[in-house]
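What follows is calculated from the coordinates using simple rules that are stated; it is not laboratory data. These numbers come from a predicted model, not from an experiment. Neighbour counts are summed over all protein chains in view; Cβ atoms, including those assigned to glycine, are modelled from backbone coordinates with ideal geometry.
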Amino acid sequence: MSALIDLHSHTNESDGSLAPAELVQQAARDGVTVLAITDHDTLSGYDLALAAAPAAGLELVCGIELSTKLRGSSTHLLGYFPAAGELTEFRQWVRGQQRARKDRNIRLVARLRELGFSITLDEAEARGRGMTGRPHFAAIMLEKGYVRDYRQAFDEYLDESAKGYVYRQEPTFAEGVEVIRKAGGIASLAHPTRVRGDVVDMMPELCAAGLNAIEAYHSDHTVDETAQFVVLARRYGLLVTGGSDYHGESVKPGVRLGTGYEGNLRVPLDVIGNLRNGVAVASDGRH
Ligand SMILES: [Zn+2]
Ligand SMILES: [Zn+2]
């Protein structure tokens, strides 16, 4: 099998189903040689996976997926730290975000109980631990028979416009880009097809915020969408990144590490080299 790279994956330290070491082993079995773990708002999955990478024969890239607000809508931003280092300040900032998430979860439980659901914070945290989020609440609602499926849980109760939604303090997109870059990282716009609004129109604003890259390759993208985002990145002098957004079979069925849905994903091998060079350029630029 030829080498595959996958720069977007989740462990059970956020909303994936595999433990960090299991994810690394699964990636190796699937032929991935360079894997970035990009858990939501935490580096724990990466930290816990590090020890397993050498034995699995793959290179692990430190990453994260931040939830940010862009023009009032939740927008995911990937951060990559190929030269990981200590990231002390960045980790501190991440812990602050986790406190905000915990606060939201307390209010979300109260709201769901108001709506008549018997759900406790302990139950949710038993699943998501420090990174408990809406997907964990959806799973409990499904298990208890309150909803038919995840979609109904989100559409009727958990989505931003649904009746159970509670506000969460989130960083702005520009703040997310800034903290990633200050830590020597590369900031990449995650799965741009899910950005609310016209990404093409937003590009000047995103670039002004300091965005480095676009996730042109993603398991949800069609061939045409990928091509459009590659062109868009080139037009603005940005890097491209890509990955499967693997969450494990039980959370996102059908997605495989490195190859997406039935082989619809193939991240070009030069992406990782460009990412590393991008870091070099970015840090040279600061001195
Ligand atoms: Zn995302
Ligand atoms: Zn993701």
If I take every Cα pair under 8 Å that is 6 or more residues apart in segment 95-158, average their sequence separation and divide by the length, what percent do I get for the relative contact order? 25
If one compares the long axis through the Cα atoms of helix 173-182 with the longest principal axis of the Cα atoms of the chain, the angle in degrees, nearest 10, works out at 50
Starting from the 7 Å offset along Cα-to-Cβ, what nm value, one decimal, do you get for the label separation of R151 and A208? 3.9
Please figure out what share of the DSSP beta bridges in the chain is antiparallel and state it in percent, rounded to the nearest 5. 45
Among D47, D159, D224, which one moves the most in a GNM of the chain with springs linking Cα atoms closer than 10 Å? D224
How far apart, in nanometres, would the label points at S2 and S74 be if each is projected 7 angstrom from Cα along the Cα-to-Cβ direction? 3.7
For segment 95-158, what's the radius of gyration and Dmax over Cα atoms, in angstrom? 11.2, 35
R95 to Y236: extension gain in nm, 0.36 nm per residue of separation minus the Cα-Cα distance? 47.5 nm
Multiply the residue separation of L115 and T222 by 0.36 nm, subtract the distance between their alpha-carbon atoms, and state the gained length in nm to one decimal. 34.7 nm
Any idea what Rg and Dmax come out to for segment 43-186 if you just take the C-alpha atoms, in Å? 17.1, 50
Throw me the Rg/Rh for the chain, computed over C-alpha atoms with Kirkwood Rh, two decimals. 0.95
Considering only C-alpha atoms, what is the centroid distance from segment 48-89 to segment 1-44, in Å? 11
So what's the net charge close to A209: Lys and Arg +1, Asp and Glu -1, counting the other residues with Cβ under 11 Å from its Cβ? -2
Taking a cut-off of 26 Å between Cα atoms, list the lysines near K252, but don't count ones fewer than 8 places away on the same chain. K69, K102, K144, K163
Tell me what the chain gives for mean residue ellipticity at 222 nm when only DSSP H runs of n ≥ 4 count, each as -39,500 (n - 2.57), the sum divided by the residue total, rounded to 500 deg cm²/dmol. -12500 deg cm²/dmol
Full-extension gain in nm, Y261 to R194, via 0.36 nm per residue minus C-alpha separation: 22.4 nm
Two pseudo-spin positions, 7 Å from Cα along C-beta at E160 and at A51, lie apart in nanometres by 4.0
Among A55, A36, A190, determine the one that fluctuates most according to a GNM of the chain built with springs between C-alpha atoms less than 10 Å apart. A55
What is the set of long-range amide H partners of E59 at a cut-off below 5 Å, with H atoms built 1.01 Å from backbone N? V34, L35
Top of G263, G31, G176 by mean-square fluctuation, Gaussian network on the chain, Cα under 10 Å: G263
Determine the relative contact order of segment 162-287: mean sequence separation of Cα pairs under 8 Å and six or more apart, normalised by residue count, in whole percent. 21
If you line up the long axis of helix 20-29 against the longest principal axis of the chain, both from Cα atoms, how many degrees apart are they, to the nearest 10? 50
